[in-house]
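Report on the structure given below.
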Amino acid sequence: MKQIAVIGAGTMGNGIAHIFAMHGYKVSLCDVDEEALDRAMETIKNNLWRMVAKEKITEDHQQDSLSKITTYTQIPEAVKNADLVIEAASEKEATKIKIFEILDEHAPADCILASNTSSISITKIAAATNRPDKVIGMHFMNPVPIMKLVEIIRGYKTSDETSKIIHDTTVAIKKTPIQVNDYPGFIANRILMPMINEAIYTLYQGVAGVKEIDGIMKLGMAHPMGPLELADFIGLDVCKSILDVLHDGFKEAKYAPCPLLVNMVLAGDLGKKSGKGFYDYSEHKRAEVVAESFS
């Protein structure tokens with residue numbers, strides 16, 4: 001593994017590009033939006049500078065890492081020499097399947113195709129390619145440069161060789177790989193999202209307010225961030241999409257998104273990225289309790 005291509009320059013994509021470049025890999029970062037690529041490179045640059053300021057890396061290391069990233073707006077050009085492609089596009093099944101069809105056509109025959117999906121079936125994505133044995137899930141956690149876990153999802157036809165290569169590559173970038181099998185939500189979100197959904201239900205039913213719900217989980221369960229603030233951080237639209245995948249996959253009512261979550265997504269209150277969710281971020285980057293009632 002020497003040449004990595006990352007498809008999607010959003011929060012996850014730029015974090016994945018950052019961590020691979022910092023560990024000596026050449027990275028092709030691809031997005032159809034040139035402005036998204038510019039924002040991604042600025043984010044990577046700033047995050048690397050923070051590491052320099054904290055004396056975690058040297059200034060030379062920062063410059064070398066940036067020099068290893070090349071940006072592209074066309075997938076065929078970005079992946080033509082790749083050993084590994086990591087797709088980090090939006091959490092929409094149709095979008096991912098279309099991307100993997102393009103990747104299968106243009107990436108080298110021995111290239112491994114990975115998805116950063118947090119819930120969508122790797123087996124289904126792999127079925128859109130002619131190399132299902134070389135398709136695997138690499139679910140990085142946000143923020144990628146900080147979080148150690150990479151949830152490795154093995155599809156129905158993922159080979160032992162592919163799994164071993166991705167395990168070793170994950171270790172090489174100083175992350176901790178944990179392998180799971182391909183069922184809706186995998187492990188991380190199958191457990192996390194029902195908790196977040198239940199927190200939203202307690203708010204919806206008037207059991208307690210935003211601050212109280214998050215305060216109990218932080219102080220009583222030692223969570224660094226309460227479930228409602230975490231939902232804002234993830235994106236309420238993403239939370240709803242994952243719950244929809246769980247609900248569709250298991251046909252169990254416990255995975256159905258809370259009506260309050262559905263309404264907030266429809267209204268465009270998506271959390272931190274929109275400036276407002278369960279908390280208000282319009283004036284400051286930190287979470288501030290929204291004044292109005294959600295009941």
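Bear in mind these aren't lab numbers, they're just calculated from the coordinates by the rules spelled out. Everything quoted here is computed from the prediction, not taken from an experiment. Note that we place each Cβ from the backbone using ideal geometry, even for glycine, and neighbour counts take in every protein chain shown.
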*asked:* Calculate the FRET efficiency for N81 and I187 from the Cβ-Cβ distance with a Förster distance of 45 Å, rounded to the nearest 0.05.
replied: 0.85
*Sequence-distant or interchain residues sharing an amide H contact under 5 Å with K276, placed H: which?*
L270, G271, Y281
*Work out the length of the dipole vector of region 129-264 about its Cα centre, built from +1 on the beta-carbon of each Lys and Arg and -1 on the beta-carbon of each Asp and Glu, and round it to the nearest 20 debye.*
320
_Full-extension gain between H284 and K211, please, as 0.36 nm times their residue separation minus the C-alpha to C-alpha distance._
24.6 nm
_Simple label model, 7 Å out from Cα along Cβ direction - S67 to A172, nm_ = 2.1
*Round to a whole angstrom and tell me the spacing of the C-alpha centers of region 188-227 and region 13-69.*
33
*Links that overshoot a 18 Å alpha carbon limit, given the list K92/K164; K2/K80; K240/K285*: K92/K164; K240/K285
*Once amide H atoms are built 1.01 Å from N in the peptide plane, which residues 5 or more positions from V6, or in another chain, come under 5 Å H to H?*
S28, L29, C30, I86
*Distance (nanometres) between label positions extended 7 Å along Cα→Cβ at E105 and E198*: 4.6
*Pop the C-beta distance of V32 and K254 into the FRET formula with R0 = 25 Å and round what comes out to the nearest 0.05.*
0.10
*With contacts defined as alpha carbon pairs under 8 Å and 6 or more residues apart, what's the relative contact order of region 3-181 in percent?*
20
*Value at 222 nm in deg cm²/dmol, rounded to 500, when DSSP H runs of n ≥ 4 in the chain each add -39,500 (n - 2.57)*: -14500 deg cm²/dmol
*With all pairs of different alpha carbon atoms counted, what Kirkwood hydrodynamic radius in Å does the chain show?*
19.9
*Dipole size in debye (nearest 20) for region 3-181 around its Cα centre, Lys and Arg Cβ +1, Asp and Glu Cβ -1?*
540
*Order of D110, D280 from fewest to most other C-beta atoms within 10 Å?*
D110, D280
*Sequence-distant residues sharing a close amide H with T117 (under 5 Å, placed H)*: M138
*J(HN,Hα) series, region 240-256, from Karplus relation 6.51 cos²θ - 1.76 cosθ + 1.60, nearest Hz, glycine and proline x*: 4, 4, 5, 4, 4, 4, 5, 5, 5, x, 9, 6, 10, 4, 5, 9, 5
